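Structure incoming, see below.
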């Protein structure tokens, strides 16, 4: 027998709704509700070319590359930072920076390889308009001081 779905637009487009479903040739929807969809939704959605991603995945055995990247900027502002891991002698200490009023994670400013500000973007606003600032959204990620110098930031961080 026949199983078939009739769609009101391309099935991979946002908002696609089945008009009718046939299982073993029997209609499954008694009174289908349909709404008019624009012509743009009747086309196949654009599919990205994942060729480069496939090559990189095979090159690194399915793991993301973990090479470090040198910045050309002296000041880097990391936004949406969930936590900061700092080395104190042989110990690693986790600092949870304050989130702003909207619940957005904190910002961390690294200048010349040293942490110079941890707080909300407003707290670190003096760096916002500096020339050549690089901005990186960590999307809730963490920063480890293993990669950056901690010595000059100790006194600032003790106040957090």
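Note down, for segment 1-65, the three equivalent ellipsoid semi-axes (square root of 5 times each alpha carbon gyration tensor eigenvalue), biggest first, whole angstrom.
For segment 1-65, the semi-axes come out at 37, 17, 9 Å.
While we're on this one: Just need the relative contact order of segment 1-65 here, percent rounded to a whole number, with Cα pairs under 8 Å and 6+ apart.
27 percent
Where a number appears in this text, it was derived from the coordinates with a stated rule and is not lab data. From a predicted model like this one, the values you see are computed outputs, not experimental measurements.
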